[in-house]
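The values are calculated or read from the model by the stated rules, or taken from the named source; none is laboratory data. Here the structure is a predicted model, which is why all the values come from computation and not from measurement. Methodologically, a virtual Cβ is constructed for each residue, glycine included, from the backbone with ideal geometry; neighbour enumeration extends over all protein chains shown. Surface areas here come from the heavy atoms of the whole protein model, side chains and all, with no ligands, DNA or RNA. Shrake-Rupley method; radii C 1.70, N 1.55, O 1.52, S 1.80 Å.
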Amino acid sequence: MKKTCLGFFVAILLCITSSTAYAAAIQIKMDGVTIASDVLPEIKYKRIMVPLRAISENLGANVEWSNSAVILSKNDMNVIISLNSSTAVKNGEKMPLDVKPYMKNNCMFVPLRFIAETFECNVNYSKLAVTVDTKPFLIDGVQVKTTQLEYHMIMGGVVQQVYGNAYNEAIHHIFVKNKGEKVEAPTNYSWNLNLDIPGSYYKNGQYEFLDQEGNRLVRFDVYSLIRSFPSELLTGYPETLIHDAYKDEWFLFRDKAIQSIEHIIGTAARNGFLTTISNTVV
């Protein structure tokens, strides 16, 4: 009788583990950071299924819905994933999926390994922990560890660091792709607001890309025109400039690019990829 009950219990257990079950104890770490999500990963047919948007954000992919399909895009890569389909399409080539994507709690769930490996990540399993290491981001052949950003207030300043290869790459990409025409350095520029001289620029952000040892590889400073003067005195002065500090070169820049960088930093902060090093604001 005991053997019969034991066999029945094992059969029930196998049924549960082979179907969909919450994986509340599963931790997913990307580049050393534990991913937090309102929707828990699940195990289905012995595959870890994850909410697509939560994982794709940290891979630096854009997400766009088209009918019952999702289009993931990053640089020159496009991946189309359709609900309840056993194939995905990567740059026009069909790729098999172990488990069909499905909707739950208004989220599309997809196989973690497929998404991670599609974006050239390494995936390792250890008991109930999954480690995802994204593709290293390099500048001139040197791996970037973090983007360090600094900004000042009227009283004090803040220094923060953004981690995650995808975030670092995305921020650097915006700087490089949105450089405008090369210009001469402005006559007056500073961390301080100069309200005495028209055409002065305020440094509203400094971005340094650091290697594994903390050495600076590249630095971009963002400057904004101080608008506290009559408009006729500011004719001909660009709104926004960036300074490539290591090359000592100045370029026109776009306000929308700054907004894009701020959006990326906000996403990194929400997902646990931003750390405050110092805060002296009073």
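Computed over segment 189-282, the P(r) curve from all C-alpha pair distances, binned at 5 Å from the origin, holds 3, 11, 16, 20, 21, 15, 8, 4, 2, 0 percent per bin.
Taking a sphere under 15 Å around the Cβ of residue 69 and counting the other residues whose Cβ falls inside, with K and R at +1 and D and E at -1, yields a net charge of +3.
Using a cutoff of 8 angstrom between alpha carbon atoms and counting only pairs six or more residues apart, the relative contact order for segment 129-282 works out to 28 percent. Report summary: the helix-based calculation at 222 nm, which adds -39500 (n - 2.57) for every DSSP H run with n ≥ 4 and divides by the residues of the chain, gives -6500 deg cm²/dmol. Electrostatic tally near residue 44: other residues with Cβ closer than 15 Å to its Cβ, Lys and Arg +1, Asp and Glu -1, net +3. Note on residue 143 and residue 187: their simple-model spin labels are 4.9 nm apart, each label 7 Å out from Cα toward Cβ. Secondary structure note: in the chain, about 95% of the DSSP beta bridges are antiparallel. Over the Cα atoms of segment 26-84, the radius of gyration divided by the Kirkwood radius equals 0.98; this is the Rg/Rh ratio.
Its Cα gyration tensor gives segment 113-173 an equivalent ellipsoid; the semi-axes, largest first and in whole Å, are 30, 15, 9.
In the context of the full set of protein chains, the chain has a per residue accessible area of 57 Å² (1.4 Å probe). Overall, segment 150-282 carries a charge dipole of about 280 debye about its Cα centre when +1 sits on the Cβ of Lys and Arg and -1 on the Cβ of Asp and Glu, all other atoms neutral. For segment 198-270, the list of chymotrypsin sites (Phe, Trp or Tyr not before Pro) that fall in a loop by DSSP and count at most 14 other C-beta atoms within 10 angstrom reads 246. Any of 177/256; 46/135; 44/135; 46/104; 182/256; 74/182 with alpha carbons more than 21 Å apart? Name them for me. From 177/256; 46/135; 44/135; 46/104; 182/256; 74/182, over 21 Å: 46/135; 44/135; 74/182. Of the GluC sites (Glu not before Pro) found in segment 183-282, the ones in coil according to DSSP and having at most 15 other Cβ atoms within 10 Å of their Cβ are 184, 213, 239. Per-residue packing, averaged as other Cβ atoms within 10 Å, sorts the ranges 266-273, 118-125 into the order 266-273, 118-125, beginning with the highest.
About its Cα centre, the chain has a charge dipole of approximately 1720 debye under the convention of +1 per Lys or Arg Cβ and -1 per Asp or Glu Cβ, with nothing else charged. Rg and Dmax over the alpha-carbon atoms of segment 14-146 stand at 14.9, 52 Å. With point charges of +1 on the Cβ of Lys and Arg and -1 on the Cβ of Asp and Glu, referenced to the Cα centre of the chain, which listed residue (198, 116, 151) lies farthest in the positive direction of the dipole? Value computed over the given set: 116. A full extension of the chain between residue 249 and residue 78 corresponds to an added length of 58.1 nm, given 0.36 nm per residue minus the alpha carbon distance. Counting only Cβ charges, +1 for Lys and Arg and -1 for Asp and Glu, the dipole size of segment 179-248 around its Cα centre is about 60 debye.
Convex hull volume of the Cα atoms of the chain, normalised per residue: 186 Å³.
Give me the extension gain from residue 98 to residue 126: residue separation times 0.36 nm, minus the current Cα-Cα distance, reported in nm with one decimal.
Contour length minus Cα-Cα distance gives 8.0 nm.
Our coupling estimate for segment 26-37, obtained by passing each phi through the Karplus curve with A = 6.51, B = -1.76, C = 1.60 and θ = phi - 60°, is 6, 9, 10, 10, 10, 6, x, 10, 6, 7, 9, 8 Hz, Gly and Pro reported as x.
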